[in-house]
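See structure below.
Derivation of every value follows stated rules applied to the coordinates shown; laboratory data play no part. Computed from a predicted model, the values in this text were never measured in an experiment. Cβ sites come from the backbone with ideal geometry, for glycine too, and all protein chains shown count toward neighbours.
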């Protein structure tokens, strides 16, 4: 088994790992600074599709965390990448989702429309309406492909677990009797893209996350070492079951301390 000393790269989740809502988790800025100073390859990965990487860079900066957009991969970027590899440019796409998802898809040359869409993409949308659900349902029942950004049923915030993209996707799936193609964790498309961007051996690339059902399961499916932090959705380390991570830490602060101990 790979040890902490042998790791060559990290894929870090964001919500529940680096911050909750608009509050930074103590130690997040220090860990990323420590990695950058040592030129240790890392990538920030989030199933949240609401913001562009540039907007996430600004959000992180407002929390005192300095990371460039080039190191941020969102489910919106991964979904747009998947569309570009599997559908013709200028294909008509109906999006349930916020600005980050819409921008990423439009930048790939797709046409965002509610007029006879060929593809329906569903992500987190905090301005969801019944009318949007109707548009998506009718389009999918009319033959449009059903693509979803991520399956997270909830979203960690300062006030608790709010509905996530998975809750919206479930409504569309129930109304259409169809299961979507899901791009984000724990499914392979986004994690495979992250591995290609990092260019490091997968057995030496660990994923750091707070969710057993997305971060840990996704890493295990691809043969990655997994690191669970108890600062987000998961608050207790699992003692049994198929989702047991390779390592568990209370937060990224303790992870940094362990990495320092192993490497310095």
Using a Förster distance of 51 Å, the FRET efficiency for residue 196-residue 138 (Cβ separation, nearest 0.05): 0.90
Exposure proxy ranking, count of Cβ atoms within 10 Å, fewest first, for 235, 263: 235, 263
Order of 111, 50 under a 10 Å beta carbon neighbour criterion, fewest first: 111, 50
Gained length - residue 177 relative to residue 244, 0.36 nm times residue gap less alpha-carbon distance: 20.9 nm
The chain: Cα Rg divided by the 2.2 N^0.38 Å rule of thumb: 1.00
Listed residues 197, 155, 32, most fluctuating in the chain (Gaussian network, C-alpha, under 10 Å): 197
Residues listed by number, region 201-241, amide nitrogen under 16 Å from residue 23 label point at 7 Å toward C-beta: 230-235
Cα convex hull of region 165-228 - mean projected area over all directions, nm²: 4.6 nm²
If the convex hull is drawn through the Cα atoms of region 76-182, its volume per residue in Å³: 92 Å³
Likely footprinting exposure, 20, 68, fewest C-beta neighbours within 10 Å first: 68, 20
Residues of region 1-35 with amide N under 15 Å of a point placed 7 Å along Cα→Cβ from residue 257: 26-28, 30-31
Cα radius of gyration and Dmax for region 127-256 (Å): 16.9, 51
Relative contact order, percent, the chain [alpha-carbon distance under 8 Å, six or more residues apart]: 22 percent
